[in-house]
Amino acid sequence: MIVVRAVPADIPRLLKFRTDAARWLQAHGSDQWSTPYPPELLLESVTAGEVYLFLPTPRAAPVATVTLDRKAEPVLWTEEERREPALYVHKLTLAQPGSGGGLGARILNWCGDQAARGGARWLRLDAWTTNTRLHAYYENLGFTHLRTVHDPEAYESGWVAQRPAIRCELPFRLQPEGDVPEPHEHHT
């Protein structure tokens, strides 16, 4: 599996990941991601180099995406927590939600490895407040639930959890910046 940073030309693909995931979630009784994500916010994350795509081979279509950054939302994380070195997982999405195979767990391990290599103590995430299946999934992967924030500013994603940032044997290979395939080559 190859990891590449997303580029602006990937925005349509990233938005499709989200709408496909929202459709799958709705079919499974969740209203998570039922509101369209603003493309300008996605572009901001892509431009900052925080959005990653996971491809089976360098020229294949992406099979997953994740945003990994240092942005601790004040409505979710305490002032003390925001001072701790951490990376935050956002928008982890598979092209085929619910397909199994452990890809989501492997991506989270990669995120934890990136956090540890960058000097972070924690890998943190927030999840849709009412998606209890997702909460159990994260807890089974070693995340500890800290609290659930019920605040309109949390946008219904107030279940917060963390696990230690741990280096691991990398399940993916990060494609060097100068060796990234052309964006259109992995947009099928």
Open item on the list: Please verify whether T129 is assigned to a loop (DSSP other than H, G, I, E, B), modelled with pLDDT under 80 and β-branched (V, I, T), treating the condition exactly as stated.
Closed with: no
Task: Hits in segment 71-91 (condition: closer than 24 Å to L14 by Cβ and free of Cβ contacts under 8 Å to residues at least 24 places away in the same chain) - done: K71
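Conditions (1) surrounded by fewer than 18 Cβ atoms within 10 Å (Cβ to Cβ); (2) β-branched (V, I, T); (3) not in a helix (DSSP H, G or I), marked per residue:
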| position | (1), (2), (3) |
| --- | --- |
| E139 | yes, no, no |
| G142 | yes, no, yes |
| L146 | yes, no, yes |
| E153 | yes, no, no |
| S157 | no, no, yes |
| A161 | no, no, yes |
| R167 | yes, no, yes |
Open item on the list: Go through segment 30-57 and report how many residues are over 19 Å from P12 (Cα atoms) and not acidic (D, E).
Closed with: 4
- [ ] Output the residue which, of all residues in segment 81-107 that are farther than 22 Å from Y37 by Cα and among the hydrophobic types (A, V, I, L, M, F, W, C), is surrounded by the fewest Cβ atoms within 10 Å (Cβ to Cβ).
- [x] A105
- [ ] Search segment 64-75 for residues being surrounded by 17 or more Cβ atoms within 10 Å (Cβ to Cβ) and out of contact with any Leu (no Cβ under 9 Å at 6 or more places or on another chain), and hand back the single one that is nearest to A115 (Cα to Cα).
- [x] A72
Open item on the list: Of everything in segment 67-79, what is of a type in the set (A, V, I, L, M) and in a loop (DSSP other than H, G, I, E, B)? Give them in sequence order.
Closed with: A72, V75, L76
Open item on the list: Quick check on this structure: which one of A21, A64 is touching a residue at least 12 places away in the same chain (Cβ under 8 Å) and in contact with a Gly (Cβ under 9 Å, 6 or more places away or on another chain)?
Closed with: A64
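Rundown of residues vs (1) part of a helix (DSSP H, G or I); (2) modelled with pLDDT of 95 or more; (3) out of contact with any Pro (no Cβ under 9 Å at 6 or more places or on another chain), yes/no style:
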{"position": "R13", "(1), (2), (3)": "yes, no, no"}
{"position": "L25", "(1), (2), (3)": "yes, no, no"}
{"position": "Q32", "(1), (2), (3)": "no, no, yes"}
{"position": "P36", "(1), (2), (3)": "no, no, yes"}
{"position": "L43", "(1), (2), (3)": "yes, no, no"}
{"position": "P58", "(1), (2), (3)": "no, no, no"}
{"position": "T65", "(1), (2), (3)": "no, no, yes"}
- [ ] Please verify whether segment 55-63 includes one or more residues that are on the phi < 0 side of the Ramachandran plot, surrounded by fewer than 14 Cβ atoms within 10 Å (Cβ to Cβ) and touching a strand residue (DSSP E or B) at 6+ places or on another chain (Cβ under 9 Å).
- [x] yes
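The values are calculated or read from the model by the stated rules, or taken from the named source; none is laboratory data. Since this is a predicted model, take the numbers as computed values, not measurements. Note: ideal-geometry Cβ built from the backbone for every residue, glycine included; neighbour counts use all protein chains shown.
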